[in-house]
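All remarks here apply to the structure that follows.
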Amino acid sequence: MTELKNLIATAKEKGSFPTLLKAAEKLKLISKYSNEGPFTIFAPIESAFEPIPDEVVDESFDDHGYLLGIINYHIVEGKYTTADLAGLTELETISGNKLKITVKDGIKVDTAKIIEADIECSNGIIHAIDEILVP
């Protein structure tokens with residue numbers, strides 16, 4: 001079995017999350033999510049950002065408080081596999097908001113569908129989702 005990489009290294013290796021990683025870098029969260037944990041990250045894939053105009057994305061990146069709020073809404077303390085999620089109706093994010101979990105035609109977190117589940121990391125787990133979660 002190959003040795004698991006941390007959340008950041010795994011996300012980089014996957015290649016599906018460049019905007020999310022750029023946000024983590026901008027907010028100086030790379031070290032935290034490389035070393036601390038466990039965390040479950042509901043990571044929007046790159047195509048989730050396509051419907052959003054570039055200038056809106058750029059503005060969000062300039063507003064650290066807003067950006068941090070959005071990022072923190074995608075992260076939960078602890079490690080939750082899809083098997084764990086299937087038995088839940090909600091999870092509290094590190095921002096203190098609640099994510100609604102529904103299990104019907106796959107697992108949904110709020111309105112986002114998990115499209116690649118249970119990406120194991122040394123300090124948590126990543127679930128790739130098809131849209132951005134907004135608190």
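The values are calculated or read from the model by the stated rules, or taken from the named source; none is laboratory data. Fair warning: this is a prediction, and the values are worked out from it, not measured in the lab. Here the Cβ is made from the backbone with ideal geometry for all residues, glycine too, and neighbour counts use every protein chain on show. Accessible surface is based on the protein model in full, side chains and every heavy atom, while ligands, DNA and RNA are left aside. Shrake-Rupley method; radii C 1.70, N 1.55, O 1.52, S 1.80 Å.
Think of it as helices only: each DSSP H run of n ≥ 4 in the chain is worth -39500 (n - 2.57), and spread over all residues that comes to -8500 deg cm²/dmol at 222 nm.
State in Å² the accessible area per residue of region 1-40; use a 1.4 Å probe, count heavy atoms of protein chains only, and round to the nearest integer.
Counting only protein heavy atoms, the per-residue value for region 1-40 is 60 Å².
Shape class of region 28-135 from the alpha-carbon gyration tensor: oblate, with a/c at 1.5 or above and b/c at least as large as a/b. Rounded to the nearest 20 debye, the dipole magnitude of the chain is 400 debye, with +1 charges on Lys and Arg beta carbons, -1 on Asp and Glu beta carbons, and the Cα centre as origin.
Highest-first packing order for the peptide set 37-43, 59-65, 94-100, 113-119 is 37-43, 113-119, 94-100, 59-65, based on the mean count of other beta carbon atoms within 10 Å. In percent, rounded to a whole number, the relative contact order of region 58-135 is 25, using alpha-carbon pairs under 8 Å and six or more apart.
Carbon and sulfur: what percent of the chain's accessible surface (1.4 Å probe)? C and S fraction of accessible area: 50 percent.
The residues of region 41-135 expose on average 51 square angstrom of accessible surface per residue, using a 1.4 Å probe on protein heavy atoms. Shape analysis of region 1-74 yields a ratio of the Cα radius of gyration to the Kirkwood radius, Rg/Rh, of 0.98.
Distance from the C-alpha centroid of region 34-69 to that of region 88-135: 14 Å, rounded to the whole angstrom. Packing around the peptides 71-78, 10-17, taken as the average count of other Cβ atoms within 10 Å per residue, puts them in this order, highest first: 71-78, 10-17.
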